[in-house]
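**Student:** A single structure is presented below for examination.
Each value in this text was obtained by applying a stated rule to the coordinates, not by laboratory testing. Everything numeric here is computed off the predicted structure, so don't read it as measured data. Using ideal geometry, Cβ is built from the backbone for each residue, glycine included, and neighbour counts are taken over all protein chains shown.
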Amino acid sequence: MTTTRFAPSPTGWLHIGNLRAALFNYAIARQNGGTFVLRIDDTDQERSKDEYIQGIKDDLTWLGLDWDRVEHQSARMDRYLEAKQRLIDMGRLYECFETPVELDLKRKKQLNMGKPPVYDRAALALSEDEKNALRSARGSHWRFKLDHQRIEWTDGIIGDISIDASSVSDPVLFKNDGQILYTLASVVDDTEMGITNVVRGSDHVTNTATQIQMIAALGGTVPAFAHHSLLTGPQGEALSKRLGTLALKDLRAQGIAPMAVLSLMARLGSSDPVELRENVAQVVAGFDVSKFGSAPTKFDAEDLKPLTARVLAAKDHTAVRAEIAAAGVPDDLAAAFWDVVKGNIETLDDLPGWWALFRDGSTPLVEEDDREFITQAFDMLGDPPYAADTWATWTGAVKEATGRKGKGLFMPLRKAVTGRQRGPEMADVMPLLQVKPAL
């Protein structure tokens, strides 16, 4: 059975980059009638926080991405320690004693000599007496001993990959303070949870190579790996510098629609055009991981706004009743208000501004040459309430009195009444005005 996982570390809020892994793995599981596991990778107890765990669940729920079960790495420490001992017994895990400063000096020396900065396995030459002396003085960390051969697999996005293991440092699996690192914990979990497919960022390709050897050493079955491209900003800049503004909770707070996010992210970076979907099932049905490319993918949060506008324009007012009420719109005007503004908003955050216009009036936009005309026109308009035919009756009278017609008649009046150059049909706006427009 197909089993996938989304394995976020609860050390911060989920951002748009994290979502690609969540969505891709979710879609593969659902397309195949399989299992989608939400795995909280919380081995870093110092930085992991309950509020981030809850935030992960809230964000996925907001998007409509449900999970079949939740796993916590913090509850599986015994499994990692057992794997540690197995790897030690088979000679694949060895103790090292270099400090971070010493390792950095080694790397710099290798680079200066034109050599790749690969760990030299100096710890393997230490005697037991030397190890005992170092343990008492500085502690130790543990590295997985790679077989120096080519590691090859066919990636679901990148294609055939071949990495020479001798060009990669033996990965650290346990830190000096005893913390179990992601590299081992992920292998143990993927193996024991029967994970069949893993989609993650292309920055994990080298990790995948080393983990393939670790999976084999522990007797597991290697999942089908696919590495999606990394997102950049709209100008190709590193997205990591802007992630603080791209947290999913912030997009939610800005009124971005979940289906706008899913529709864009399910196609961005693929050979298929972005298509606005109505529900998660449609997103899943139209997803094809093989159509994604490996080149960096540009992401612009502004692209979510027109998609959100289209999502909102298709909704009935009952679907956004709470947001309309929160904007201050009386219940008896809610349906009419929504019908008038829904085609003229980018997000639900625009609702209060429209209601303020209808309730309190606007600051008129009036060209100096039009000021006398607008003053005369406003004098010809009675007090509210206005009806559906008020706009036609009023503009007809103003045309008769001033001789203005066409754009020279209608545009100045629109700008003066609404304070905006564009918007809904004025015949629909007038019945919602609660005060008479005034200069």
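**Student:** Could you list the residues of the stretch 16-58 with an amide nitrogen less than 14 Å from a label point located 7 Å from the Cα of Ser74 in the Cα-to-C-beta direction?
**Tutor:** Flagged as within label range: 40-56.
**Student:** Let me ask something else. Pull up the cross-link candidates among the lysines for Lys305, meaning alpha carbon to alpha carbon under 29 Å and not fewer than 8 places away within one chain.
**Tutor:** Answer for Lys305, where 29 Å is the Cα cut-off: Lys57, Lys241, Lys249, Lys291, Lys315, Lys342, Lys415, listed by chain and number.
**Student:** Would you mind calculating the gained length between Met380 and Thr183 on full extension (0.36 nm times residue separation, minus the Cα-Cα distance), in nm to one decimal?
**Tutor:** Stretched fully, the Met380-Thr183 segment lengthens by 63.3 nm.
**Student:** Okay, moving on. To the nearest 0.05, how large is the calculated FRET efficiency for Arg47 and Lys249 if R₀ is 22 Å and r is the Cβ-Cβ distance?
**Tutor:** My answer for the efficiency is 0.75.
**Student:** In angstroms, what radius of gyration and Dmax does the chain have, counting Cα atoms only?
**Tutor:** Radius of gyration, then largest Cα-Cα span, for the chain: 30.5, 106 Å.
**Student:** Continuing with this model, one more query. For the chain, what relative contact order do you get, as a whole percent, if you take Cα pairs closer than 8 Å and at least 6 residues apart?
**Tutor:** 13 percent
**Student:** Using alpha-carbon positions, what is the distance between the centroids of the stretch 218-278 and the stretch 329-388, in Å?
**Tutor:** 38 Å
**Student:** Using a simple charge model, +1 on the beta-carbon of Lys and Arg, -1 on the beta-carbon of Asp and Glu, nothing else, what dipole does the stretch 361-432 show about its Cα centre, in debye to the nearest 20?
**Tutor:** Its charge dipole is roughly 280 debye.
**Student:** Size of the dipole of the stretch 16-65 about the Cα centre, Lys and Arg at +1 and Asp and Glu at -1 on the beta carbon, nothing else charged, in debye to 20?
**Tutor:** 320 debye
**Student:** Let me ask you something else. Computed over the Cα atoms, what is the radius of gyration of the stretch 239-313 divided by 2.2 N^0.38 Å, N being its residue count?
**Tutor:** So the Cα radius of gyration is 1.11 times the expected 2.2 N^0.38 Å.
**Student:** While we're here: Answer with one residue from Gly156, Thr11, Pro424: the one whose Cα lies farthest towards the positive end of the charge dipole of the chain, charges on Cβ with Lys, Arg +1 and Asp, Glu -1.
**Tutor:** Gly156
**Student:** Another question, if that's okay. Looking at the chain only, what percent of DSSP beta bridges run antiparallel? Nearest 5 please.
**Tutor:** Roughly 50 percent of the beta bridges in the chain run antiparallel, per DSSP.
**Student:** Please compute the length gained on full extension between Ala438 and Gln31, using 0.36 nm multiplied by the number of residues separating them and subtracting their Cα-Cα distance.
**Tutor:** 140.7 nm
**Student:** About its Cα centre, how strong a charge dipole does the chain have in debye, to the nearest 20, once Lys and Arg get +1 and Asp and Glu get -1 at the Cβ?
**Tutor:** Here the chain has a charge dipole of around 780 debye.
**Student:** Sequence-distant or interchain residues sharing an amide H contact under 5 Å with Gly156, placed H: which?
**Tutor:** Here the answer is Phe225, Ala226, His227, since their amide H atoms fall under 5 Å of that of Gly156.
**Student:** For a bin width of 10 Å, list the pair-distance distribution of the stretch 371-421 built from all Cα-Cα distances, rounded to whole %.
**Tutor:** P(r) for the stretch 371-421, in whole percents per bin: 24, 63, 13.
**Student:** Sequence gap at least 6, Cα distance under 8 Å: using those rules, report the relative contact order of the stretch 79-174 to the nearest whole percent.
**Tutor:** 30 percent
**Student:** Each label point is 7 Å from the Cα along the Cα-to-Cβ direction; what then is the distance between the points at Glu128 and Asp203, in nm?
**Tutor:** Distance between the two pseudo-spin positions: 4.3 nm.
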